[in-house]
Each structure stands twice: as structure tokens, then as C-alpha cells.
Amino acid sequence: MLDKTYDPTQFESGLYKFWLSHGYFTPKAEIGKPYFSMVTPPPNITGQLHIGHGLDNAIQDTLVRFKRMQGYNTLWLPGTDHASIATEVKIVEQLKKEGIDKHDLGREEFLRRAWQWKEKYGGRIVEQLQKLGSSCDWSRLSFTMDEKCSKAVRRTFVSLYNKGLIYRGDRIINWCPVCNTALSDAEVEYSEQDGYFWHYGYTTPDGSTTVTFATTRPETMLGDTAIAVNPNDDRYRHLVGKTVIVPFVNREIPVIADEYVDMQFGTGVVKITPAHDPNDFEVGRRHNLPVIRVMNDDGTMNENAGEFAGLDRYEARKRIVERLKEMGILQKVEPHKHNVGSCYRCHTTVEPIVSKQWFVKMQPLAQPAIDAVKRGEVVFHPERFEKTYLNWMENIRDWCISRQLWWGHRIPVWYCDDCGAEICAETDPDVCPKCGSKHIHQDEDVLDTWFSSALWPFSTLGFFNGSDDFKAFFPTSVLSCGYDIIFFWVARMIFSSLYATGQVPFKHVLMHGIVRDEQGRKMSKSLGNGVDPVEFIDKYGTDTLRFALINGVANGSDIRFAPDKVEGTRNFMNKIWNASRFVLMNCQDKPLKPIGECKLSLADKWILTRLNATVRSITELLDKFELGMAAQCLFDFVWSEFCDWYIELVKPVLYGTDEQARCDTLSVLVYVLDAMLKLLHPFTPCITEQIYQNLPGHGESIMIQRYPTVNDALNFADDCNLVEELKELIAKVRNIRSEYGVAPSKRIRLYVNATDRRIRECDLYLCKLCGLEQAVFGEAPAGDKTVQAVCSAATCQVPLGDLVDKDKEIERLTKELDNVNNEIARANGKLSNAGFLSKAPQNLVDAEKAKLAKYTELQAQLQARLDELK
RNA sequence: GGAGGCAUAGCUCAGUCGGUUAGAGCGCUCGCUUCACAUGCGAGAGGUCGUAGGUUCGAGUCCUACUGUCUCUACCA
């Protein structure tokens, strides 16, 4: 029997262990069997579980449990990400506290520490994920640096290298002076900041002409190697080919003409610093300009900066501006807002710097990935994200994949110190294959974390190991993640998979939004507005968390996580619990019948029909990945139909004396509860299992039961309609009672004039739900003062004696008549419209006619009653 | 600069292929300790679906423009 109060902490973790110990999460790799598979976005091993993981896992687990119950061979593969830069930053911080510098420690010892970190925190995040109830197959738990993933990385790198799709070269990259590494474009975040425009100029050697420009970064002037103007600019045409002098470094640089310069902007003159600006770099290439770096990796000025060497970049900027002022060169300073890029990990302003790095050539890889999506081989949900994806892919630039870090996949390239050969190999070479020299050394850099993440769907399934998992579960069915990692991850998985396996990695991409706080702000450590899912689960249970994150939320839209909603969801769990308790209390030790052998009451037929409708829509919605709507639909069925109406309708039978009817009704109650729990199970796995285990005749676990399907033998459309009419009638009577202030405890009499004789079978329902002492079928005695309830199933009279107030009654009925008249006018309008009659579908025309007939009838009744009163 | 989203009840949001009297939760008002649940029950108030046009027999839904707002993306010195 269920405890009196719903307390998820009593059973959630125990149930999880129960599922694990039975191996329900671990499928066999059966090639050719219909499957459903997903890989989970691997959380960083630096991490604490956050609410975003909660959402991510709730969505995925719901889908996985649904498909598993439908009989698919279902795999949900979990894992963790080594998170190269993020983890390295954390470890460096940790070392700093111990007063140790990473370089003093040395690479090997550093990596030993990193693996220690991984063992400690990688395990913790797995434990936390398990609290969410996720039915992942932990026996297949993967790590981006484990053997099979590392193999995938090496093989893919070598293959791309051999095809010329990976190259090394000097390019402008985004450099983080704090993390001390290059970053990819995707790893830079831009934000608008207040800065200045410094206007000054360079003068020709003869001192005759000064060419004025504006810059936001004056310190880069030390690396200027040209001044550029637009070739069509008449103002400066005469200067092209002349030279000017860069102050401080006294370099003589040419004035060049290049289309890149916008004549309309500023003075129409640009100083060109090829080593520190991506556009200038391109200009420099076109004009064969020298590339002079003036900054060190740590953000200080280098020896090329002359008198400013050694200064921090911002200090140098200040000093240069001061000196320009002193020298009378500075012409004006104006405030200027501009976008500044910062490192997505440490938020330091990044510096565009020319540097030798490894790149993936994107054009040839992007094209097939664009085509596959356009052909519909990968479908985005909601579809608008396809545009986001295509927009990025179609404008993609080469991907900088080398990082000046230690923690990660080391670039599998060696250099021969003797002959200078560059060797890219899957297995570590001992000697130079070209000259046989033993003096070779490996590239110092590691790969961007996302390089290994990009291979995740097939590396984890053992594509490079010829694994059955790959044959049985690839391509995966659905990928679910937040829209914020479309570029980082989704796009890169698509092109990587097409390249490596020739197949798309997944057929559907299900995007969700960001979980925000009550005021719509992003949750963050600095704001302290985050919800800790672990704490939350300890308080409310994982079912509440999951349902609150999913219920009524549209795909791809951000979620405000408000305490109100949590409470409401907890109340829903409580509702499920208590409704189940009600059923179980009543059927204890009582015999039950198979549903097919029961004599079904009107209420039974109604709920069974409604159950079918619910099963149908939920299944359709889940098939379309509309989890939010499916949850909403279940919420309504459980609360508004099963609890509010069916349980109430059934009480007279349960508390009555007809043993036979009782047994039948109990059987239906249990049947519907069982189906309801199964429908709920993918969303709220724990509470449903806990209740299921108390159901008479339950199986081993609810999670391996078959998902409900529509049972056509249990559809009773007519009876269902009748009950809907009955509900309307009951609501009307309740309304009258409430309006007239009849105490709820007061038993009254009701006179019912029903057109449908089956209403006569409903007196038990009417008595219970309208608080009647008796339902009388027929007219009220002539002298009785009554209030009239007019509805489609019947016209009722509620004898309220002296409470009846003629004016109030006229007012009430007039209002109702107005409504009815409006509806009649609307229906007439439609039906007198030739276009509607000829073009609208027939069923709608028929429905409109039926509506007109119904309201005309109601109109007559209401009018008659009003006439009587007046 | 480019792309996209959002604008519906006091608040937070659903609303699928264009087709019932536009819904839910919370809040609010009134009444209830009715034997599953006061984490509850019943009743009620509350909406010109951002503005202006257009398409259509029919528009919250599709199109155009506008206003407000948010996000992504680019990085004009």
C-alpha cells in the first residue's frame, strides 16, 4: 500500500538501483532490429550538474523511455568530455593555490594530475546525472579521451591531413593572453564596450603631408606596415605609392590602395597592422607587406615595440596616447562604442594575433553537411534552427584546431630535427621515415576539445573498432541539446560524420532553450541565481523537476524556472499519488475482471473513450517530439478528467451495495490507472514505478511494459458525448447553487426533463455531483418556485423556494440567451455565406448546422422561460 | 551590417494542417475541513491575440510594412 503522503525521497534512489540491477538500461547490439538510439551531450568533467543538464536529460530520458516501452531496441549512451581548456584552467588554478606553476611541474606530471581530476570529478558528475533518473546505459559510459575516442581522433586527423584538409599555417587567430592559447572563432564572445577613437596621422618623410586616420587600438601602430586608402578615393590618389613614417619605431611605410577601405567611414584612411588584425592581415597578403608582431603571448609588448617593450597591452596603449599628445600628433579623441571579443572561458579580451596554428579546411567539409540538411536527411525541431545552421555553414571559415595546452588530444604530428620532415601518423613513430633520424619531436599542441566531441556519435559506438554497436545503433535517431551549441557541436558532428562514416550522425535534432531564472536572466554563478538540481531533487524529487521543465514548454524556447511552477508540479505529483492511493485503497483484496468481461457503466465508457483519445494524441505528439504538449495533455487527462470527473462519478458505485457493479468499476479504475501510469512513466519515471509496484497483478517493472495503444473495442463515442452533456448539466446546477448561495452541504431536489432517456440512468451521478437528495425525472409541481438550468441534454428545474429571485433569474437567463443568440448569429452568418458552403469542408458545414440546431433549441427554451417570468 | 525569435488574461506561457464560444498554471473574488488529496474541492471575474494593411468562404495562426523587445552572427579601422 502507498504511504499516506507523497515523499519522493523515500523511493527515488532505491528505484534507480532496482532498474540498474536488472540491466534495463543496457540493450544488446542486435543488428537489423528496429532501434532507437541517442548519445547524450557529454558534460564537462569540470562540472557541477546544473539545471540545463536537468532539462537535457529530462527530454532525452522521456524519449528514450517512451521508445523503449514501444518495443524498440533502445540505447542511450552517456559520457563525459575532457573539456580541454576548461579543465586545464581549473587545474592551473588549483596548482596556483599550491604555489605551483604549470611549467615547473612539467607536462607529464601535469597530465597525471589532470587524470586524477578526471577520476574525481568525472565520477561525481555521473552520480549526479543518475539522480535525474536517466535511463542511460552506464555500461557503455564513454569519455572523449578514452581508448576508442582517442583512436577516432587520431584516425580522423590523419585522414584529414592526408587529404589536405588539415593544414598548418600562419594566420590571424584569436589569442587568449590568460589561457595562453589560440581559440576558434566560435570560442570568442563579443560584447559592446565603451572605447575611444584616437585620431592622428603619419607624415611623409619630407614633412609636407600628414595622413590622418582613426584607430581604437593605438598600440598596434608599432606593427603598422602600411597606410591604406581606397583606389577610387580622389582625396588620396596622389598619395598612393608615397611613404609615411611611423613614430616611435621610425619605420617608413608605403601608402597603398585597396578596395577593403571604406571611403565613407572615418577619414577614409586605414592604418594596416597585418600581425594584429584579420582584415589587415588579408590586405597585407595582397600587397606583400611585412608582418610585424608587437605583442607577446601574455599580452605584453615585445621587443618590436621599441620603448614600449615589456609593457602590458593596455599600459602601452595609455603611454602611446600620452606620448602622441606630447608630440602634438594626436588630433582628437572621441568616445566610441565597439564590439570587443572575449574568451568564452575566462572572459579576458582576446587579441587577434598572427600565429602558426593548425586549421581544418572547412569548405569541402561544409558542403556535404549543407546538402544533407537541405535534402532532409537531418531534420531540425523546431525547423527554424535549420536556418541558423545553414547560415553559419554557408559562411564558415577555416577552423583553428590547435590549442597551446597540455590537457587534450595531442596533435599527432612529429617534426624531424635533422631533415625537417613533418610526419603525421596514427601510431607514434620512433624514427623519421624520411631520413631515419631518431631526432624527432612531437607537436606540442593539443586539439580543440570540440574536435573529439565532433566525432562523438560514431566514436562512442566504436565505428573505428568495427563494433556491433555501430552496426546496430547508427545513425542515431535523435540528438537533443540546447540551441547554444549548434555551431560548437551539432554542425561539427554532421560534417565529421559525413566525412568519416559517409552517413549523417542522427536523423533528428531536437533543440531546447536555456533555463533562466524567474526574471528571465541567465542563471550564473556571479548572479547567484542558479537552481542546484541536486538540492532541488533532494527537496522535491526528480519527477517534479523533470515535469516542471517539460510541461507546456515549446521546443527551442527558453524557460523561466519559477517557484510557482515547481509548486504546481509538485502538487500534480501529489495528485497522481493520491488518486492512485484512492484506487488502491478501494480495490484491496477485491477480485478484478479483465476489462473485456466488465459490464461498463456510462462513466466507464466515457473514461475509456477519453483514455483512447489521450493515448492517441500523446503518442502522436511524442512522435513529433512535442514533449511539452504531450505533458500538458497528460496533465489535463489525469487531473481534469480522471480525478475531477471519473473518480467522482465512480464513488456512488464504490460506496454502494451492488457488489457486481463495484467489481466492474474497480476493474475499470485499475485498468485506466495502469494505462495512465504507463503514459506518465517516460515523464515521471519514479512515482509511476512506485505506484505500479503496488498495482494488483503488476509486472516486474513498469519501464519494460508495453506503452498503451488505442483500443478500438473501448471507444464509445455516443456515450462519451452523453457524459459531456451531463457534465455541462452538472456544471450548470453547481453554478446555480453557487450563485444562489445554497450551502454545499444542503441536499436539494432536482427536476430533470431530458430529451435523451439515457439521462434517467444518470441519477446516481447527478445526486453525487450536484449534492441532491433526489433527482426527479419530470416537471416540478406547479406551485414550486424553481430556477431553470437549460442545457443540451436536459432542461432542469432547481426548486429553491424563497431563495428564487425573479429579477436575478431574468438577468441570469438573459445573459445566457445573449450568448446563445450570438452563437446563432455566428452560425447563421457562416451558413448564409455561399463561399463557406461551397468551399469549406463538409464536416465543418455539418458541424455548423448541428450547432445552429442545438442553439436554436436552447434559444426556444430560454425564451419560453423568460416569457414565463415576465 | 546579416539572420532569426518573441509580442495572446494581472503574471508566466501553450495554441500542431488557417476552421468549436482563444486555453492552462499562478494570482484575484466568492463559497467549502464533502470519508484520495486544503499540495485539495466547487463557482466566478479577467482577452479588440502589438499597430496598419493584405490573402482567404474563414486569420491568434499565412503575407507585407511598422512599433517594441530579445537572441544569434559579422567585426568598419
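Points to keep in mind about this one:
- Residue ID - surrounded by the fewest Cβ atoms within 10 Å (Cβ to Cβ), chosen from residues in the range A:350-366 that are away from RNA strand B (no atom under 16 Å from the Cβ) and farther than 18 Å from A:Ala182 by Cβ: A:Pro364
- Remark: A:Ala717 falls outside the filter, which requires a residue to be in contact with a Leu (Cβ under 7 Å, 6 or more places away or on another chain) and either basic (Lys, Arg) or open to solvent by 10 Å² or more (accessible area, probe 1.4 Å) (or both).
- Counted as qualifying within the range A:537-652 are the helices (runs of 4 or more DSSP H) with 1 or more residues that are touching a residue at least 60 places away in the same chain (Cβ under 8 Å) and touching a strand residue (DSSP E or B) at 6+ places or on another chain (Cβ under 8 Å), namely A:542-550.
- Candidate set from the range A:201-212 (those that are under 26 Å from A:His336 (Cα atoms) and more than 11 Å from RNA strand B (Cβ to nearest atom)); member that is most open to solvent (accessible area, probe 1.4 Å): A:Thr210
- Of the listed requirements (1) in a loop (DSSP other than H, G, I, E, B); (2) within 33 Å of the chain's Cα centre (by Cα); (3) of a type outside the set (Phe, Trp, Tyr), A:Asp428 misses just one: (2).
Listed here are the residues, each with its yes/no results for (1) basic (Lys, Arg); (2) open to solvent by 10 Å² or more (accessible area, probe 1.4 Å); (3) under 24 Å from the mean Cα position of the chain (by Cα); (4) within 16 Å of RNA strand B (Cβ to nearest atom).
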residue	(1), (2), (3), (4)
A:His439	no, yes, no, no
A:Gln442	no, yes, no, no
A:Leu447	no, no, no, no
A:Trp456	no, no, yes, no
A:Asp468	no, yes, no, no
A:Pro475	no, yes, yes, no
A:Ile494	no, no, yes, no
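- Per-region count, the range A:352-405, residues acidic (Asp, Glu) and part of a strand (DSSP E or B): 0
- Just one residue in the set A:Lys387, A:Lys434, A:Lys374 is in contact with a Cys (Cβ under 8 Å, 6 or more places away or on another chain) and either within 16 Å of RNA strand B (Cβ to nearest atom) or modelled with pLDDT under 95 (or both); that residue is A:Lys434.
- When A:Phe197 is tested against (1) outside any strand (DSSP E or B); (2) surrounded by 14 or more Cβ atoms within 10 Å (Cβ to Cβ); (3) at pLDDT below 95, just one condition goes unmet, and that condition is (1).
- Residue check, A:Thr688 more than 30 Å from A:Ala794 (Cβ to Cβ), part of a helix (DSSP H, G or I) and either open to solvent by 50 Å² or more (accessible area, probe 1.4 Å) or modelled with pLDDT of 95 or more (or both): yes
- If the condition is being within 7 Å of RNA strand B (Cβ to nearest atom) and closer than 17 Å to A:Trp639 by Cβ, then the range A:542-559 contributes only A:Gly552.
- Hey, A:Arg323 part of a helix (DSSP H, G or I) and either within 15 Å of RNA strand B (Cβ to nearest atom) or farther than 25 Å from A:Pro278 by Cβ (or both) or not: yes
Conditions (1) closer than 30 Å to A:Lys507 by Cβ; (2) at pLDDT 95 or above; (3) open to solvent by less than 70 Å² (accessible area, probe 1.4 Å); (4) polar (S, T, N, Q), marked per residue:
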| residue | (1), (2), (3), (4) |
| --- | --- |
| A:Thr348 | no, no, yes, yes |
| A:Pro368 | yes, yes, yes, no |
| A:Arg403 | no, yes, yes, no |
| A:Ala425 | no, yes, yes, no |
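- Looking only at the range A:161-194, and only at residues there that are among the small types (Gly, Ala, Ser) and more than 9 Å from RNA strand B (Cβ to nearest atom), the one that is nearest to A:Pro352 (Cα to Cα): A:Ala182
- Condition check for A:Thr709: under 30 Å from A:Asp807 (Cα atoms), open to solvent by 30 Å² or more (accessible area, probe 1.4 Å) and out of contact with any Phe, Trp or Tyr (no Cβ under 7 Å at 6 or more places or on another chain): no
- Listed by position, the strands (runs of 3 or more DSSP E) enclosed by the range A:213-295 that each have at least 3 residues that are in contact with a strand residue (DSSP E or B) (Cβ under 6 Å, 6 or more places away or on another chain) and surrounded by 19 or more Cβ atoms within 10 Å (Cβ to Cβ) are A:226-229, A:251-257, A:269-272.
Per-residue answers, yes or no, for (1) closer than 24 Å to A:Asp81 by Cα; (2) among the hydrophobic types (A, V, I, L, M, F, W, C):
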{"position": "A:Leu330", "(1), (2)": "no, yes"}
{"position": "A:Cys346", "(1), (2)": "yes, yes"}
{"position": "A:Gln363", "(1), (2)": "no, no"}
{"position": "A:Asp417", "(1), (2)": "no, no"}
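- Top-ranked residue in the range A:809-832 [being free of Cβ contacts under 8 Å to residues at least 12 places away in the same chain and in a helix (DSSP H, G or I); ranked as farthest from A:Thr786 (Cα to Cα)]: A:Gly829
- Within the range A:616-657, considering residues that are near RNA strand B (Cβ under 9 Å from one of its atoms) and of a type in the set (Ser, Thr, Tyr), the one least open to solvent (accessible area, probe 1.4 Å): A:Tyr646
- Any hit, the range A:744-754, residues being modelled with pLDDT under 90, touching a strand residue (DSSP E or B) at 6+ places or on another chain (Cβ under 7 Å) and not in a helix (DSSP H, G or I): yes
- Residues in the range A:77-106 that are assigned to a helix (DSSP H, G or I) and either of a type in the set (Val, Ile, Thr) or touching a residue at least 60 places away in the same chain (Cβ under 8 Å) (or both): A:Ser84, A:Ile85, A:Ala86, A:Thr87, A:Glu88, A:Val89, A:Ile91, A:Val92, A:Lys102.
- Screening A:Gly420 on (1) among the small types (Gly, Ala, Ser); (2) surrounded by fewer than 14 Cβ atoms within 10 Å (Cβ to Cβ); (3) at pLDDT 95 or above shows it passes everything except condition (3).
The values are calculated or read from the model by the stated rules, or taken from the named source; none is laboratory data. Please read all numbers here as calculations on a predicted model, not as lab measurements. Positions of Cβ are generated from backbone atoms using ideal geometry, with glycine treated the same way; all protein chains shown enter the neighbour counts. To get the accessible areas, we keep the full protein, side chains included, count just its heavy atoms, and leave off ligands, DNA and RNA. Shrake-Rupley method; radii C 1.70, N 1.55, O 1.52, S 1.80 Å.
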